[in-house]
Structures are given as structure tokens and as C-alpha cells.
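Okay, so here's the structure we're looking at.
The values are calculated or read from the model by the stated rules, or taken from the named source; none is laboratory data. As the structure is a prediction and not an experimental result, all values here were calculated from the model. So basically every Cβ, Gly included, is an ideal-geometry build from the backbone, and we count neighbours across all protein chains shown. Surface accessibility is based on the protein's heavy atoms, side chains included, excluding ligands, DNA and RNA. Shrake-Rupley method; radii C 1.70, N 1.55, O 1.52, S 1.80 Å.
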Amino acid sequence: MNNKICPACKKESPESYDNCSYCKFPFNGTEKEQATHIGKFIADKGILDKSKHNIENSKRILFYIVAFNTIGLIIAIMNNKYDFLGVFLTVFISLIFLLCGIFLQKNPKILTIIPLTIILLFYTLNFIFDREHFFNGIIFKIIIVGALIYNLYVLNEAEKFKKANNL
């Protein structure tokens, strides 16, 4: 059985097929249908690059959070404004964020959900118990949460594209 290479996804499909078995490219379609399919495929495939870029952005965000937590902890210790529980929680959460950032490439969804959940839990508790401080840095809080949620959205879209095109 002879195979032909799909011009859109570059994978082999049996010559007897009317459409690519991977990306559904119309082998026997009109030139316009083929061009439209290739254009849509290329545009949709951009989501894969976008997801890689967003993973890098999420890593940076997590590392920045770790850095700010560390700096804040050092300042608090130097000014004698700390307690054991606060130090323990800051170190523990910073380590979780650091590990999630380091291993984000291996399992992006889970390792984005974990810090996002911690952040949202922290912000919720902050809102319940200390509303005055909750609004401090609200722009940064919105940007951080928004970026992590957007990363999850892009990862989900990339996963759908891979599944739909057997990549």
C-alpha cells in the first residue's frame, strides 16, 4: 500500500484516503479548500508555540513570587517582625512554587494548578481575615492569577489541538 505525505501536517496517509487520517486535509478537494485547510491548520498549530511560551511565562511568574517571598522574609527577619509560623509557611510555600517552576515543563497543567490553588486560597484567607491588606498590590494579584489561568486555558487548547490532529 502506497502512502502520501500530507502537505499540512507532514504525516503519511494511505493513498486511497480522500482526507488525511491525522489532520483531515482534503487530498481531493479544490485548491481553495486545500489552501483554506492549510491556513487554518497553521494558524491553529500556533497554539502549540503559544503554550510553550506561556509555560515559560508561568515559570518566570513562579520564580518572581519565590524571589519576592524570600526578600520579604529576609526583610522581616532583619527587622525582627516575624514569627515561626510565618517563616515556616513562607519557606514551605516558596519551596512548593520553586519546585513547580522547575518541573513545570514535565506536567504543566498540574504544576500550574497547584500554585494557582495556593495563591487563591491565600488571597481568600487574606480577604476574610485582613481586608485592608488584601487590596495592597491588587493589580499584581490580578495579573498573577490572570496569567496562570490564561496559561491553563492555552494548555487546554493545545491539548485539544494535539488530540484532534493525533500529534
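Entry note, the chain: the mean residue ellipticity at 222 nm calculated from DSSP H runs of n ≥ 4, each adding -39500 (n - 2.57), is -25500 deg cm²/dmol after division by the residues and rounding to the nearest 500. Placing pseudo-labels 7 Å out from each Cα toward the beta carbon at TYR64 and ILE96 gives an inter-label distance of 2.1 nm.
Among the trypsin sites (Lys or Arg not before Pro) within the range 1-91, which fall in a DSSP loop and have no more than 11 other Cβ atoms within 10 Å of their own Cβ?
LYS10, LYS81
At a probe radius of 1.4 angstrom, the accessible area of the chain per residue rounds to 67 square angstrom. Cα centroids of the range 94-119 and the range 1-69: 26 Å apart. Straight-distance candidates among the aspartates and glutamates for linking to LYS11, with alpha-carbon spacing under 18 Å and chain neighbours fewer than 8 residues away dropped: ASP44.
Starting from 0.36 nm per residue, how many nanometres of slack lie between PHE135 and TYR150 once their C-alpha separation is accounted for?
On the way: separation 15, 0.36 × 15 = 5.40 nm, distance 2.20 nm.
Taking 0.36 nm per residue and subtracting the Cα distance, the gain is 3.2 nm.
For the chain, give the magnitude of the charge dipole about the Cα centre (Cβ charges: +1 Lys/Arg, -1 Asp/Glu; no others), in debye to the nearest 20.
Numbers: 19 positive and 13 negative charges, 36 e Å.
Computed charge dipole of the chain: roughly 180 debye.
Tell me the carbon and sulfur percent of the accessible area for the chain, rounded to whole percent, probe radius 1.4 Å. The computed percentage sits at 66. Taking amide H as placed 1.01 Å from N in the peptide plane, the amide H of LYS4 sits under 5 Å from that of SER13, GLU15, each at least 5 places away or on another chain.
Highest mean first, the peptides 92-99, 131-138 sorted by other C-beta atoms within 10 Å per residue fall in the order 92-99, 131-138. The shape of the chain comes out prolate: with a ≥ b ≥ c from the C-alpha gyration tensor, a/c is at least 1.5 and a/b beats b/c.
Projecting the Cα atoms of LEU111, LEU99, ALA164 onto the dipole axis of the range 31-167, where Lys and Arg carry +1 and Asp and Glu carry -1 at the beta carbon, places ALA164 farthest toward the positive end. Lysine pair count for the range 22-167 with Cα-Cα distance under 13 Å and sequence separation of 8 or more or different chains is 10. Select from ILE77, GLY29, ILE47 the residue farthest towards the positive end of the dipole of the chain; place +1 on Cβ of Lys and Arg, -1 on Cβ of Asp and Glu, and compute about the Cα centre. Sorting the options by dipole projection puts first GLY29.
Here the dipole of the range 46-125 is about 220 debye; that uses its Cα centre as origin and unit charges on the Cβ of Lys and Arg (positive) and Asp and Glu (negative).
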